[in-house]
Amino acid sequence: MSVGILGTGHYVPTKVVTNKDMEKIVDTNDEWIRTRTGIEERRIADDDTDTSDMAYFAAENALEEANVKAEELDLILVATVTPDSPFPSVACRLQDRLGATQAAAMDVSAACSGFMYGLITAKQFIDTKTYKHILVIGVEKLSKITDWEDRNTCVLFGDGAGAAVVGEVSEGKGILSFELGANGSGGKYLYQDEHDHLIQNGREVFKFAVRQMPKSAVNVIEKIGYNKEDVDYLIPHQANIRIMDAAREKLGISEDKMATSIKRYGNNSAASIPIALSEAVKNGNIKDNDLLVLVGFGGGLTWGAVALRWGK
Ligand code: ACO
């Protein structure tokens, strides 16, 4: 027995905000945003759509793909730094709306690494046979903590949700290794201020990310005795194409083997990895038996990675 992903889902708001649109909001331009970040457009949720609404749509999608009923869920873990309210948690709101009557529920706060923290936490409960089905969600409505007058940050983020149903898969498939880490001394580089705005020291976060993300990606592969060449598909946190390329180049894999939803969605924080994963599954970019590396980093500072053999 091994622990893997039984189904994936995602949801992004319909409203598209292009780089040209951003030019009307702050002193920026399409060329700067594209070359510095890789972002072309992002999705922004309307006032009536909160974090738990997006989580719900992604969850329904994942449960259907996994062929698991909401009543069969034992635990709901929602990774987010933009909950509807500090409490009740998004996970509890979702538990009610889905009718997941048997499930315990809690939110996980690890910023952009949140989905990785959720996924690896879920693995522990299944490994110990405590639970059978766990819904892990990464969801953010970053637009509500974005300072729309700060060009350094407002061009970077977007809203959305991604979900995975985690459970038992056949031996040899699923999560083969993982790594989690934190360095609280770097908390000052990425935080929410007294006005509730997201504040970032872009250069410091960039330096941390180009060092940590490639390192974690290689670590999870080496832990299982594989070589970098064995990796079929890389799903890095979608924060900046230059940081993602650093991880890709370290693994020595070609551009077509890396998820790049950042172009269309920007940085969705905890939602970026599960959205990219769900899209790659649905587009056929991931096939049965493929060896995947999922790797994220974010505020905290935090990081997390898994090597995962796709399939049930
Ligand atoms: N449009 C035009 N010019 C801009 C913009 C903009 N939107 N934003 C900044 N600039 C200017 C700056 O003011 C600066 O001008 P100056 O030299 O006259 O002062 C110049 O561009 C260069 O700014 P830098 O910050 O040095 O630009 P850099 O190349 O570092 O790119 C960026 C900035 C994209 C933010 C980069 O540092 C980065 O991606 N960092 C990592 C971000 C990240 O991964 N965050 C993850 C957080 S997710 C989470 O946990 C919520």
Only Cα pairs within less than 10 Å get springs; with that Gaussian network setup on the chain, which residue of ASP21, ASP245, ASP232 has the largest fluctuation?
ASP21
Students sometimes get this wrong: rank TRP303, TRP148 by accessible area, probe 1.4 Å, all chains present, largest first.
TRP148, TRP303
With every protein chain in place, the chain: carbon and sulfur % of accessible area (1.4 Å)
46 percent
Segment 245-307 versus segment 87-139: alpha-carbon centroid distance in Å
20 Å
Within straight cross-link reach of LYS24, meaning Cα distance under 20 Å, which aspartates and glutamates are found once same-chain residues fewer than 8 apart are removed?
GLU40, GLU41, ASP46, ASP147, GLU149, ASP150, ASP159
Looking only at lysines whose Cα falls under 22 Å of LYS250's and that sit 8 or more positions away or on another chain, we get LYS207, LYS215, LYS223, LYS228, LYS263
As an exercise, identify the trypsin sites (Lys or Arg not before Pro) in segment 108-187 lying in DSSP coil whose Cβ has no more than 13 other Cβ atoms within 10 Å.
LYS129
Among DSSP beta bridges lying fully in the chain, give the percent that are antiparallel, nearest 5.
70 percent
For the chain, whose charge dipole is built from +1 on Lys and Arg Cβ atoms and -1 on Asp and Glu Cβ atoms, the candidate among ILE224, GLN192, PHE87 with its Cα farthest towards the positive end is ILE224
Cross-link partners of LYS132 among aspartates and glutamates (Cα-Cα below 16 Å; sequence separation of 8 or more within a chain)
GLU71, GLU72, ASP74, GLU168, GLU171
Take the Cα atoms of segment 39-181, find their three principal axes, and give me the spread along each one in whole Å, biggest first.
50, 32, 26
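Whole-Å semi-axes of segment 174-309's equivalent ellipsoid, largest first, each the root of 5 times a Cα gyration tensor eigenvalue?
Largest first, segment 174-309 gives 25, 17, 13 Å.
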In whole Hz, what ³J(HN,Hα) sequence does segment 168-180 give by Karplus (6.51, -1.76, 1.60; θ = phi - 60°), x for Gly and Pro?
6, 10, 5, 3, x, 9, x, 6, 9, 7, 8, 8, 10
Suppose a student asked you for the relative contact order of the chain, using Cα pairs under 8 Å spaced at least 6 residues apart; what percent would you report?
26 percent
Treating only Lys and Arg (+1) and Asp and Glu (-1) as charged, each at its beta carbon, one finds that segment 174-309 has a dipole about its Cα centre, in Debye to the nearest 20, of 200 debye
Based on the inverse mean of 1/r over its pairs of different Cα atoms, what is the Kirkwood hydrodynamic radius of the chain, in Å?
19.0 Å
Per-residue counts of other Cβ atoms within 10 Å, averaged by peptide: what ranking do you get for 25-38, 274-287, highest first?
274-287, 25-38
Given unit charges at Cβ for Lys, Arg (+) and Asp, Glu (-), the dipole magnitude of the chain about its Cα centre in debye, nearest 20, is 880 debye
Enumerate the helices in the chain for which the Kyte-Doolittle hydropathy averages -1.0 or more and the C-alpha atoms extend at least 27 Å along the helix's axis, using complete DSSP H runs.
202-223
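The values are calculated or read from the model by the stated rules, or taken from the named source; none is laboratory data. Worth saying up front: this structure is predicted, and the values here are computed from it rather than measured. Because the Cβ atoms are built from the backbone with ideal geometry, glycine has one as well, and the counts that use them run over all protein chains shown. Just so you know, the surface numbers come from the protein's heavy atoms only, side chains and all, with ligands and any DNA or RNA stripped out. Shrake-Rupley method; radii C 1.70, N 1.55, O 1.52, S 1.80 Å.
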